[in-house]
Amino acid sequence: MNVVEHGTGTPLVLLHGFGLDHRVLLPLDPVLEAAGGWRRLYVDLPGAGGTPVGDVASTQDVVAAVEDELERRIGDEPFAVLGQSFGGMVARQVAHDLRPRVLGLATVAGVFVAEHARRDVPPATVLRADPAALALAGEAAADYAEGAVVQSEAHVRAFLEHVRPGLLAADTRALARIAARYALDREPEDVDPEPFTAPGLVLTARQDHVVGYEDAWARRSHYPRTTFVVLDAAGHDVQLEQPAVTAALVADWLARMRADAG
């Protein structure tokens, strides 16, 4: 499995969304570096970023592959995990499977309900259109416009640098195989219903028409030490559309984990 590592210290595992690669989470790296003491492991999941899919044929297989990679790279060392979109669903399962070692869990526009038809999502909305931004997107304009809630040149540049390359590099045949068995066997909060008490962050977006926010918030009683946030003027690319607020929330999550560790 391809893993890009930055820094030294306590492992922090970062898992990207479906059809993307680790680059979608690199905008978070400055705040992680500034916090100090975190060994960031940006994982390219099977079918993404050059990681071969092998015999992985479901989300449950992706979880197993991540856990095998963590055993190889960090052994029984405590770690934190952050997942974006599909990576959020994988991160939730990993955090529950390895709960005694998990220092904290964060999801960014994370998947909490696998089946699209069952998700509680708002309608697709564009709060601010920007023709200059669409022009800057060039041949990627349609992909960009599909998810952008507040169009801007800064957001387009972030999209072209951190989202578009992963979309183009994805192994679409492998991803189609995983998508056919996209749901986890069972939701981790149901299998392991004892409250998850490590510090957490569930960052959602008010205009996210892909996964919404209601399904994540429905799990809030399971996570008594987790900050739940729904940001206005942002969609599924919340970390790119609202980078400053996202950075502040991630910094707070890191600080809470450090405080718990003493």
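A few notes on this one:
- Any chance Ala57 is within 24 Å of Phe112 (Cβ to Cβ), free of Cβ contacts under 8 Å to residues at least 12 places away in the same chain and either surrounded by fewer than 17 Cβ atoms within 10 Å (Cβ to Cβ) or among the hydrophobic types (A, V, I, L, M, F, W, C) (or both): no
- Residues that are in a helix (DSSP H, G or I) and either in contact with an Asp or Glu (Cβ under 9 Å, 6 or more places away or on another chain) or open to solvent by less than 10 Å² (accessible area, probe 1.4 Å) (or both) within the stretch 94-117 comprise Val94, Ala95, His96, Asp97, Arg99, Arg101, listed in sequence order.
- The one condition from (1) more than 19 Å from the chain's Cα centre (by Cα); (2) free of Cβ contacts under 8 Å to residues at least 60 places away in the same chain that Arg220 does not meet is (1).
- Single residue of the stretch 200-233 satisfying the filter (outside any strand (DSSP E or B) and of a type in the set (Phe, Trp, Tyr)) that is farthest from His155 (Cα to Cα): Tyr223
- Total residues in the stretch 209-250, condition of a type in the set (Gly, Ala, Ser), surrounded by 15 or more Cβ atoms within 10 Å (Cβ to Cβ) and within 21 Å of Ala35 (Cβ to Cβ): 1
- Pairing each residue of the stretch 178-197 that is in contact (Cβ under 8 Å) with a residue 40 or more places away in the chain with any residue that is part of a loop (DSSP other than H, G, I, E, B) and among the β-branched types (Val, Ile, Thr), provided the two are 6+ apart or on different chains, yields C-beta distances under 8 Å for Ile178/Val53; Ile178/Val56.
The values are calculated or read from the model by the stated rules, or taken from the named source; none is laboratory data. Keep in mind that this is a model prediction, so the values were computed, not measured. Positions of Cβ are generated from backbone atoms using ideal geometry, with glycine treated the same way; all protein chains shown enter the neighbour counts. With ligands, DNA and RNA removed, areas are computed over all heavy atoms of the protein, side chains included. Shrake-Rupley method; radii C 1.70, N 1.55, O 1.52, S 1.80 Å.
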